[in-house]
1. Determine if segment 21-36 includes at least one residue that is among the basic types (Lys, Arg), at pLDDT 90 or above and surrounded by fewer than 16 Cβ atoms within 10 Å (Cβ to Cβ).
2. Any residue that is more than 23 Å from ALA115 (Cα to Cα) and hydrophobic (A, V, I, L, M, F, W, C) - is there at least one of those in segment 57-75?
3. Here's a check for you: in segment 46-72, which residue that is in contact with a helix residue (DSSP H, G or I) (Cβ under 8 Å, 6 or more places away or on another chain) and among the basic types (Lys, Arg) is surrounded by the fewest Cβ atoms within 10 Å (Cβ to Cβ)?
4. Specify which of the listed residues (ASP44, ASP71, ASP62, ASP81) is under 30 Å from GLU163 (Cα atoms) and free of Cβ contacts under 8 Å to residues at least 60 places away in the same chain.
5. Can you go through ASP164, ASP146 and tell me which one is in contact with a helix residue (DSSP H, G or I) (Cβ under 7 Å, 6 or more places away or on another chain) and not in a loop (DSSP other than H, G, I, E, B)?
6. Test SER188 against the criterion of being outside any helix (DSSP H, G or I) and either within 30 Å of SER37 (Cα to Cα) or at pLDDT below 90 (or both), and give yes or no.
7. Could you grab me the full set of residues in segment 38-58 that are part of a helix (DSSP H, G or I) and over 14 Å from the mean Cα position of the chain (by Cα)?
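The values are calculated or read from the model by the stated rules, or taken from the named source; none is laboratory data. This structure is a prediction, so every number in the text was calculated from the model and none was measured. Glycine gets a Cβ as well: all are built from the backbone with ideal geometry, and neighbour counts include every protein chain shown.
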Amino acid sequence: MMETINPLTWIVIAAVVIGVLLIWYFIARSRTNRLRSRFGDEYDRTVAATGSTGRAEHDLEDRQRRVAAFDIRPLSAEEHDRFSSEWVEVKSLFVNSPAEAVLHADRTIGSLMKARGFPVADFDQRHADLTVDHPEVARHYREGHDIAARQSRDPSGEAVATEDLRQAMVHYEALFDDLVNDVAQPASRPVSTGPIGNVTANPR
């Protein structure tokens, strides 16, 4: 016959199991808090998109590992000035050609990200990469790009209302300012383009 297990042994086993579960809980909670703190609203968006906290956290950690392998660098002073000048041109273009300006802004952001060291990739991958170190402005990239994509599908330039195009420029400018002002050396002049909200497109 099997020997009866001493009640004290059961107590020890239960204590060990509870201890393991508590350790697992605190590790999982720490992981969640760390990722939520780093990614902000992107954490909740990813959970909603994947339908699972576990899958979302795995995805976010994959993004961190991918971006850690990049050679992300600040702009040189010359690059800062060049992109700043280009952005002034984009905003000037918006007055008479808002649709063209938004498409130009989308291309400029892509070029700026490439100059900073982000690899060439499709939009979804660029957006995911951006969320690792720039989670607050990454949403501006998505929202601006969505409007630009709608516009690019209609060469007539009538697909998107002017107010939506202005909002796209607001989104792009928030991202542009965040990326362009990380400079290795003091730039010869700071980026100072004025808020896009002050720029009004001429009636079509």
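1. For segment 21-36, residues among the basic types (Lys, Arg), at pLDDT 90 or above and surrounded by fewer than 16 Cβ atoms within 10 Å (Cβ to Cβ): present.
2. Scanning segment 57-75, I find at least one residue that is more than 23 Å from ALA115 (Cα to Cα) and hydrophobic (A, V, I, L, M, F, W, C), so the answer is yes.
3. Once the filter is applied, the top-ranked residue is ARG66.
4. Working: ASP71 fails: under 30 Å from GLU163 (Cα atoms); ASP62 fails: under 30 Å from GLU163 (Cα atoms); ASP81 fails: free of Cβ contacts under 8 Å to residues at least 60 places away in the same chain.
Answer to the selection: ASP44.
5. Within the list ASP164, ASP146, the selection yields ASP164.
6. yes
7. VAL47, ALA48, ALA49, THR50, THR53, GLY54, ARG55, ALA56, GLU57, HIS58
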